[in-house]
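Novice: Please see the structure below; I have some questions.
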Amino acid sequence: MTSEDITIHRGLTGVYFDRSNTTYIDGKNGVLEYRGYNINELAEQSTFEETAYLLIHGTLPTQAELDEYDAELKSARELPEQICDVLEMVKDSHPMDALRTGVSALASFDPDRNDNSVEATIRKGNRLTSQVPSIVMAHHNIRQSKDPVKPSTVLNHAGNFLYMMDGNEPSAEAMALMDKDFVLHADHGSNASAFTARVVAGTAADIHGAVTAGIAALSGPSHGGAAENVMQMAKEIGTADKAADYVQNLLSNRERVMGFGHRVYKAEDPRAGHLREGVKSLSEEMGQPEWYQILEAVVEAMKPYARRGIHANVDFFAGVIYYLNGMPQDLFVPIFAVGRIPGWTIQVVEQFEHNILIRPLLQYIGEREQKYVPIGDR
Ligand code: ACO
């Protein structure tokens, strides 16, 4: 093959590499469905537990199935003591780095660690769904020289996550918003982190390895890190009347406005609107309406870019919700990971079910046929 015959798809943009029956995305029209169910209905009517079940099993659960799944999740919340020792050793790391280390270490303690069957992978994925929130909050307490909060045996997934932050039971509103946030983040096709997880699973490595790698991919500011940067941006803007100048300044320096743009959505990200309402009500309820006003002013300033397909993405409104819930900024990306475990689990399972090594090609453009010169003669 000559170099003229080679077409380079940088960033694999627009490349289909397999088939999936998990998540449907129509980026042109801003449609997202998990297993054929529209995200708008799931965000408004479902719960994280039900949505996670739907993703893993492909159908909405009956009440009995949901109760059984819920009990399975609740029973897996507590971490092995050794994981807390590991988290102590990395307590000064960014929470995403600590999470990556914690998930990797958990592999050694999983009862199914030597079993890579689909059934065992689902069991491991379900345990990770419960253990990842515990790692995030255990590390959060350990880094403040506090003992981790023992997980609740009664609160739902979202409520328990908030509870483990400081041992205080969260308000019903805070739990409901967190739950919605997890539903919205549960899966999203072949994004950078899910693709990374699939590449790892493609070698027949285990789900702990795949999720560890997925966490690493998610941590970057072009992917999961945006919510943290949006909050930083909102703080720097300070008041809504300064938003337009701030945005203009970024754009004239050819910098990115965080929380805007998406590789797939060229219409509005269907997840963003659900969180926009949350920011509005929460910021008013907490007597801090300025945060919503600042974000809205940024949206207004970005309106001319909508024509080019650049709209607010899911991360744009998420950060302020976390902030108003008392979360430190560096927990924003781990929260994304907490919601995403069912998605990574089912994508690893799909990969295993018809596995193939994922191995694309690179066109070599460097020197050829160089003559080796011994070190003393160079
Ligand atoms: N602000 C300003 N301009 C933007 C933005 C933005 N946020 N996003 C894209 N653009 C512009 C680019 O400058 C580029 O313009 P040009 O053609 O004049 O050079 C054009 O839109 C296309 O941008 P690309 O980087 O080629 O688009 P890509 O699909 O690779 O980028 C990405 C997607 C990485 C998400 C990008 O929009 C971005 O950096 N956004 C900010 C970070 C962010 O919010 N990430 C979260 C994504 S959602 C998620 O992971 C859950």
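The values are calculated or read from the model by the stated rules, or taken from the named source; none is laboratory data. All values reported here derive from a predicted model rather than from experimental measurement. A quick note on method: Cβ atoms are made from the backbone with ideal geometry, for glycine too, and the neighbour counts reach across all protein chains shown. For accessibility, only protein heavy atoms count, side chains too; no ligands or nucleic acids. Shrake-Rupley method; radii C 1.70, N 1.55, O 1.52, S 1.80 Å.
Novice: Please list, in order along the range 305-317, the HN-Hα scalar couplings obtained from phi with the Karplus expression 6.51 cos²θ - 1.76 cosθ + 1.60 (θ = phi - 60°), rounded to whole Hz, x for Gly and Pro.
Specialist: 7, 4, 4, 8, x, 9, 10, 5, 9, 4, 6, 5, 8
Novice: Suppose every K and R has +1 on its Cβ and every D and E has -1 on its Cβ; what is the size of the dipole of the range 226-324 about the Cα centre, in Debye to the nearest 20?
Specialist: Using Cβ point charges on Lys, Arg, Asp and Glu, the range 226-324 gives about 540 debye.
Novice: In 10 Å bins starting at zero, report the fraction of Cα pairs in the chain per bin as a rounded %.
Specialist: 5, 23, 32, 24, 11, 4, 1, 0
Novice: Using amide H atoms built 1.01 Å from N in the peptide plane, name the residues 5+ places from VAL31, or on other chains, whose amide H lies under 5 Å from its own.
Specialist: It is ASP26, by chain and number.
Novice: How large is Rg/Rh for the range 226-324, to two decimals, with Cα atoms and a Kirkwood Rh?
Specialist: My calculation puts Rg/Rh at 0.94.
Novice: Related question: Which one, PHE161, GLY202, GLN347, is farthest towards the positive end of the dipole of the chain when Lys and Arg carry +1 and Asp and Glu -1 on their Cβ?
Specialist: The Cα lying farthest towards the positive end belongs to GLY202.
Novice: Among all lysine pairs in the chain that are eight or more places apart or on different chains, how many have alpha carbons less than 15 angstrom apart?
Specialist: Summing the qualifying lysine pairs gives 6.
Novice: Shifting gears a bit: To the nearest 20 debye, what is the magnitude of the charge dipole of the chain about its Cα centre, counting +1 on the Cβ of each Lys and Arg and -1 on the Cβ of each Asp and Glu?
Specialist: 1240
Novice: Still on this structure, I have one more. Quick check: the distance between the Cα centres of the range 347-378 and the range 52-74, to the nearest angstrom?
Specialist: 42
Novice: Still on this structure, please answer the following. Using 1/(1 + (r/R0)^6) with R0 = 41 angstrom and r between the beta carbons of GLU173 and SER252, what's the FRET efficiency to the nearest 0.05?
Specialist: So the FRET efficiency works out to roughly 0.55.
Novice: While we're on this one: Near the amide H of ASN313, under 5 Å away, which other amide H atoms are found, from residues 5 or more places off or on another chain, if H is placed in the peptide plane?
Specialist: Answer set, sorted by chain and number: PHE260, GLY261.
Novice: Moving on to the next point. Out of ALA192, THR2, GLY30, whose Cα points farthest toward the positive end of the dipole of the chain (charges: +1 Lys, Arg; -1 Asp, Glu; placed on Cβ)?
Specialist: Positive-most Cα among the choices belongs to THR2.
Novice: Could you tell me the convex hull volume per residue, in Å³, taken over the Cα atoms of the range 267-316?
Specialist: Cα-based convex hull of the range 267-316, divided per residue, equals 55 Å³.
Novice: Report in % the part of the accessible area of the chain that belongs to carbon and sulfur, leaving out ligands and nucleic acids; probe 1.4 Å.
Specialist: 49
Novice: Using a 10 angstrom cutoff on alpha carbons, build the Gaussian network for the chain and name the most mobile of LEU79, LEU295, LEU361.
Specialist: Per the Cα network of the chain with a 10 Å cutoff, LEU361 tops the list.
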